Amino acid sequence: MSVASPTPQQTGATAQLVDFVRRRDRRAEPATRAALRGLTADTVGVAVAGLGTPAAVLVRDWAEDQAPSGAGAPAGTAAVWGSASRLGPAAAALVNGTAAHALDWDDAAPSMAMHPAAVLLPTLFALAARRPVTGAELDAAYSVGSAVFRAVSEVLPHAVHYGRGWHNTSTTGRLAATAAGCRLLDLDGDATAHALGIAASQASGSLANFGTMTKPMHAGLASRDAVMAVGLARRGFTANPAQLEARGGFLDLFGDHDPRRTAVLGERLEHWVTGWVDDYAIKAYPSCFATQRAIDAGLSLREELGADVGRIARIEVTLEHGGTRPLRDTGPSNGLEAKFSLEYTLAVALLTGNVLLGDFTDEALRRPGVAGLMARIELAERPPAEEPGHTVVRLHTDDGRLLVRDVHHSRGDSHRPLSTAELAAKFHQCVGRGPAEASWFDALHAVPDADEPRDLQTLLAGPPAHG
């Protein structure tokens, strides 16, 4: 991003965010609504599959244990996706956000490490339990959240924030989801500023928990806290209305606060409110986004090499600067850790010709040939000055051949999108296959197109077979 010189009467970061959230003069963009169709169906699908993971099972059990019970107890209003359960909006956001991130098959942003839909949609759908909403309202709120996610990450900047070990999905995600919720519920400027201040004080989540149950809970906690921040601010709860830029505030604590970057925050927000449609990916493979390009390279190399992986002498994988940060630097000991092992996912792609959910079990790690091939894979990063955003895989054979693949856009990236049929196939892999599930996919896919306000909770609960 370009950096302008600060002006004498510079508007603070929080005020720029509030002005952006409150703007109502933008026209509807067909491109954002089209992108949101796929993200809605995909995020609900992976969350339903994720509900069966140990992380989501335990979080849901805890959340249901906190809910009031007995005669006269108030009923929950927000759906646990794909089930008959209803919880309070904040608890539902916690469960759905955790489930959406549990398989690491949720969306990603190629430009910087984040999973926007896994935080934004659980927040927006939980808040939508308060009142019916239109597709246009959801589209506007989601686009606001997507812009805040990316623009604030730039201002930190992201390389510093993530480099310190902060999980951006969880930290900046709280601000993004709060901004989206404020837009959806039409909070006034003062309440929006306080909501952002509340959310900023809740921000947390470290990369050290990648490969554990806590990592997916980061998304759920960000969603829950956004619902809480919006709800408290609506009731008059206060925070520092300039929290982001204040001494000891969000930008100081989580980044390298530079007023020159803050000065152009508003410009970056306006860029990303529609620009996010060129910076999202619906993952084709159920593993960390940092593995996706290498998997694509491996699948292509397998087609050229054939199934005889015994001819592979060694493989060199070069990622962009910082590209190994979310990956494991030791071998995985269980299926959950394997999602963050590029060596494992690339080995599976070369050995089997695909990477599927079933490849991330403890048993799958022990398949013949996996450990031996992983040992022949070497990872490296390009220097900071070299071009970001692509992965190069160089495969050396025992007879002296060199096969090379340079992947800039992984399958499912907005520049190489999944077709509606491919999205539906992934959805059915997550929720099951049948007429009811097919109708559910179509209905979820159409949510952003609703012209009239509608109650989404019955739809989110799934077809009768999932009740």
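Within segment 371-412, the set of residues being in a helix (DSSP H, G or I) and surrounded by fewer than 15 Cβ atoms within 10 Å (Cβ to Cβ) comprises 371, 372.
Note on segment 44-85: residues that are more than 23 Å from residue 456 (Cβ to Cβ) and either modelled with pLDDT of 95 or more or within 25 Å of the chain's Cα centre (by Cα) (or both) total 7.
Looking at the structure I just gave you, is residue 129 more than 18 Å from residue 219 (Cβ to Cβ) and open to solvent by 10 Å² or more (accessible area, probe 1.4 Å)?
yes
Can you confirm whether residue 236 is at pLDDT below 95 and either assigned to a loop (DSSP other than H, G, I, E, B) or of a type in the set (Asp, Glu) (or both)?
Working: at pLDDT below 95: no; either assigned to a loop (DSSP other than H, G, I, E, B) or of a type in the set (Asp, Glu) (or both): yes.
No; evaluated as a whole, the condition is false for this residue.
Working only within segment 13-34, note down all residues that are touching a Pro at 6+ places or on another chain (Cβ under 9 Å) and either part of a loop (DSSP other than H, G, I, E, B) or open to solvent by less than 10 Å² (accessible area, probe 1.4 Å) (or both). Within segment 13-34, 14, 32 meet the criteria. Summed over segment 306-329, residues that are at pLDDT below 90, among the aliphatic types (A, V, I, L, M) and open to solvent by less than 30 Å² (accessible area, probe 1.4 Å) total 1. For segment 170-190, name all the residues that are assigned to a helix (DSSP H, G or I), within 9 Å of residue 230 (Cα to Cα) and not small (Gly, Ala, Ser). Hits for segment 170-190 are 178, 182, 185.
Going by what's in this entry, would residue 231 be described as surrounded by fewer than 22 Cβ atoms within 10 Å (Cβ to Cβ) and either modelled with pLDDT under 95 or out of contact with any His (no Cβ under 7 Å at 6 or more places or on another chain) (or both)? In short, yes.
Select, from 368, 332, the only residue that is part of a loop (DSSP other than H, G, I, E, B) and surrounded by fewer than 17 Cβ atoms within 10 Å (Cβ to Cβ).
The unique qualifying residue is 368.
Out of 275, 249, one residue alone is more than 30 Å from residue 44 (Cβ to Cβ), modelled with pLDDT of 95 or more, open to solvent by less than 50 Å² (accessible area, probe 1.4 Å) and assigned by the TED database to the domain that holds residue 161. It is 249. The set of residues in segment 165-210 being within 21 Å of residue 12 (Cα to Cα), β-branched (Val, Ile, Thr) and open to solvent by less than 10 Å² (accessible area, probe 1.4 Å) consists of 171, 172, 178, 192. Taking the criterion of being among the polar types (S, T, N, Q) and within 18 Å of residue 323 (Cα to Cα), the only residue of segment 361-400 that qualifies is 391. Looking at (1) surrounded by fewer than 24 Cβ atoms within 10 Å (Cβ to Cβ); (2) polar (S, T, N, Q); (3) part of a helix (DSSP H, G or I), find the lone condition where residue 83 falls short. Every listed condition holds for residue 83 apart from (3). Residues in segment 57-73: is at least one touching a strand residue (DSSP E or B) at 6+ places or on another chain (Cβ under 9 Å), under 30 Å from residue 248 (Cα atoms) and touching a residue at least 12 places away in the same chain (Cβ under 8 Å)? The answer is no, given that none of the residues of segment 57-73 is touching a strand residue (DSSP E or B) at 6+ places or on another chain (Cβ under 9 Å), under 30 Å from residue 248 (Cα atoms) and touching a residue at least 12 places away in the same chain (Cβ under 8 Å).
Scanning segment 428-460 for residues that are aliphatic (A, V, I, L, M) and either assigned to a helix (DSSP H, G or I) or more than 18 Å from residue 142 (Cα to Cα) (or both), we see that the one that is farthest from the chain's Cα centre (by Cα) is 436.
The values are calculated or read from the model by the stated rules, or taken from the named source; none is laboratory data. Just so we're clear, the structure is a prediction, and the values are computed from it rather than from any experiment. Please note: Cβ atoms are built from the backbone with ideal geometry, for glycine as well, and neighbour counts cover all protein chains shown. Quick note on the areas: whole protein, heavy atoms, side chains included, nothing else; ligands and nucleic acids left out. Shrake-Rupley method; radii C 1.70, N 1.55, O 1.52, S 1.80 Å.
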